[in-house]
Amino acid sequence: MKLKTFVAPLFAAIIMTLGLPAQAQQKGGKPHSAAEIRKDIADHRAMAEAHLNAAKCLEGGKSEKECHAQLAKDCKGLAIGKYCGMRHRH
């Protein structure tokens with residue numbers, strides 16, 4: 001797995017996170033409370049940190065399986081799916 005294909009989605013997620021307050025509405029048009037917005041931001045930062053750590057793990061020469069296992073642990077309860085809310089094309 002090339003690092004470029006792993007890190008690019010990470011940066012895209014971080015950039016999208018910056019627009020959360022402007023688009024913080026649930027289905028049906030009900031706006032999020034300030035506390036919900038702060039929680040969403042904190043969760044996205046935690047997910048970004050987990051992905052950054054996974055990238056560093058891969059850069060360190062560890063196996064994809066080992067790095068993904070750590071990513072799953074770091075993201076438990078934060079995101080949906082085994083890739084912490086992100087999927088690769090392959």
Kindly list the number of the only condition in (1) within 11 Å of the chain's Cα centre (by Cα); (2) among the β-branched types (Val, Ile, Thr); (3) at pLDDT 90 or above that fails for Ile80. (3)
Filter result (at pLDDT 85 or above and in a helix (DSSP H, G or I)) within the stretch 17-36: Ala34, Ala35, Glu36
Looking only at the stretch 37-88, count every residue that is exposed (fewer than 14 other Cβ atoms within 10 Å of the Cβ) and in a loop (DSSP other than H, G, I, E, B) and tell me the total. 10
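The values are calculated or read from the model by the stated rules, or taken from the named source; none is laboratory data. Everything quoted here is computed from the prediction, not taken from an experiment. When we count neighbours, we look across all protein chains shown, and the Cβ atoms used for this are built from the backbone with ideal geometry, even at glycine.
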